[in-house]
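Let me begin by presenting the structure, written as structure tokens, before commenting on it.
The values are calculated or read from the model by the stated rules, or taken from the named source; none is laboratory data. Bear in mind that the values here come from a model prediction, so they are computed numbers and not experimental data. A quick note on method: Cβ atoms are made from the backbone with ideal geometry, for glycine too, and the neighbour counts reach across all protein chains shown.
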Amino acid sequence: MEFQTLAEIVEYCHHEGKDMAQAMVDYEVKNKNQTREQIYEGLKRVLLVMEESVDQGLTQQVITASGMLNNWAKSVYQSPVETLGSSLKKATARAIAVGEVNACMGRIAAAPTAGSAGIMPAVLVTMLEEHKVTRERLLDALLVSSAVGLIFAKNSSFAGSEAGCMGETGSAAAMGAAAIVYLLGGTEEQILESVGFALKASMGLVCDPVAGLVEEPCTTRNAVGVANAFVSAQMALAGVRSMIPADEVIYATREVGELMSPRLKESGQGGLANTRTGREIQKNVFSIVHP
Ligand code: SF4
């Protein structure tokens, strides 16, 4: 049993009368030699790590040696200003929280990567709080996200050095969007539409971490990735159609990644890393490491 495209997974769902989470359970049972119980046990552990990392970033001191991250998650969470209500503010804070914990070498769940680890936890914790979904449903939502991740990994790349930040925060936003659509009762087709929207919004996003540290712009890009996930899910659930099928959008991310200059793919030589301020920060960071 092999899935090469998201369309194949949807076809399997329709043929077997299953939803995407159940299809992924079948996939894992057949290909990873795991029982259903083992799969869900693993998912519970992942969810717990995600929740703990959000909590840690919102309650503990998280200041990086470079000074680029300094308890920004708490600043956002406690801010009296709400551009679009408290839900978006809290979701933003949660994504930053995980980014800060990651930058401080705390424990996070890479979903799909460490650099993009803030998006899925922010999406899931926000869905838990705002929509009162059950924890069991969150585990199934993780499975739906994993379907997107599986196909993205096969047909594009999660590596910033290959696909830029589109491959990291872009794919995480697509996984988050799929989870939201699933949790709100969307169809398999709507899940795919949301994936297409999220990836199109991230198309060509470069990987340019300042001083080579997964801090700036990574952490705030995670926050924007959460907004991308919710907006993409919103459009899909309302029936907006993405003209380019999700699988084709994924193929396009691979092509765009290949066409991208190596300077813009995790080299530290382009984009924000190559700005005057970015270079100064890099110099300061090196003077801390090699005084
Ligand atoms: S900028 Fe690069 S290192 Fe940072 S999150 Fe994006 S892909 Fe990862």
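Whenever a residue of the range 60-84 is aliphatic (A, V, I, L, M), its partners that are in a helix (DSSP H, G or I) and loosely packed, with under 15 Cβ neighbours inside 10 Å, lying with C-beta atoms within less than 9 angstrom and at least six residues away or across chains, give the pairs ALA65/ILE288; ALA65/VAL289. State whether one or more residues within the range 86-102 are away from the ligand (no atom under 16 Å from the Cβ), part of a loop (DSSP other than H, G, I, E, B) and modelled with pLDDT of 95 or more. Checked against the condition, which is being away from the ligand (no atom under 16 Å from the Cβ), part of a loop (DSSP other than H, G, I, E, B) and modelled with pLDDT of 95 or more, the range 86-102 yields no hits at all. Among the residues of the range 193-207, those that are crowded, with 24+ Cβ neighbours inside 10 Å and either within 9 Å of the ligand (Cβ to nearest atom) or in a loop (DSSP other than H, G, I, E, B) (or both) comprise LEU205, CYS207. What pairs can you find where one residue is in the range 148-174 and touching a residue at least 60 places away in the same chain (Cβ under 8 Å) and more than 20 Å from GLU266 (Cβ to Cβ), the other is hydrophobic (A, V, I, L, M, F, W, C) and within 8 Å of the ligand (Cβ to nearest atom), and their Cβ atoms are less than 6 Å apart, with a gap of 6+ or different chains? Cβ pairs passing all conditions: none. Counting the residues of the range 119-142 that are in contact (Cβ under 8 Å) with a residue 60 or more places away in the chain and either among the polar types (S, T, N, Q) or in contact with a Phe, Trp or Tyr (Cβ under 9 Å, 6 or more places away or on another chain) (or both) gives 5. The one condition from (1) more than 14 Å from the ligand (Cβ to nearest atom); (2) in a helix (DSSP H, G or I) that MET166 does not meet is (1).
From the list VAL62, VAL81, the lone residue that is touching a Cys at 6+ places or on another chain (Cβ under 7 Å) and of a type in the set (A, V, I, L, M, F, W, C) is VAL62. Taken over the range 1-47, the criterion of being polar (S, T, N, Q), surrounded by 15 or more Cβ atoms within 10 Å (Cβ to Cβ) and in a helix (DSSP H, G or I) is satisfied by GLN22 alone. Under the condition of being surrounded by fewer than 13 Cβ atoms within 10 Å (Cβ to Cβ), under 17 Å from GLY204 (Cβ atoms) and in contact (Cβ under 8 Å) with a residue 24 or more places away in the chain, the residues counted in the range 259-291 number 0.
Scanning the range 151-183 for residues that are among the hydroxyl-bearing types (Ser, Thr, Tyr), within 16 Å of PRO209 (Cα to Cα) and surrounded by 24 or more Cβ atoms within 10 Å (Cβ to Cβ) yields one hit, THR169.
Only one of the listed residues (VAL148, VAL210) is surrounded by 24 or more Cβ atoms within 10 Å (Cβ to Cβ), under 20 Å from THR5 (Cβ atoms) and at pLDDT 95 or above. That residue is VAL148.
For the range 215-229, the candidate set comprises residues that are surrounded by fewer than 22 Cβ atoms within 10 Å (Cβ to Cβ) and among the hydrophobic types (A, V, I, L, M, F, W, C); within that set, the residue that is farthest from the ligand (Cβ to nearest atom) is ALA227.
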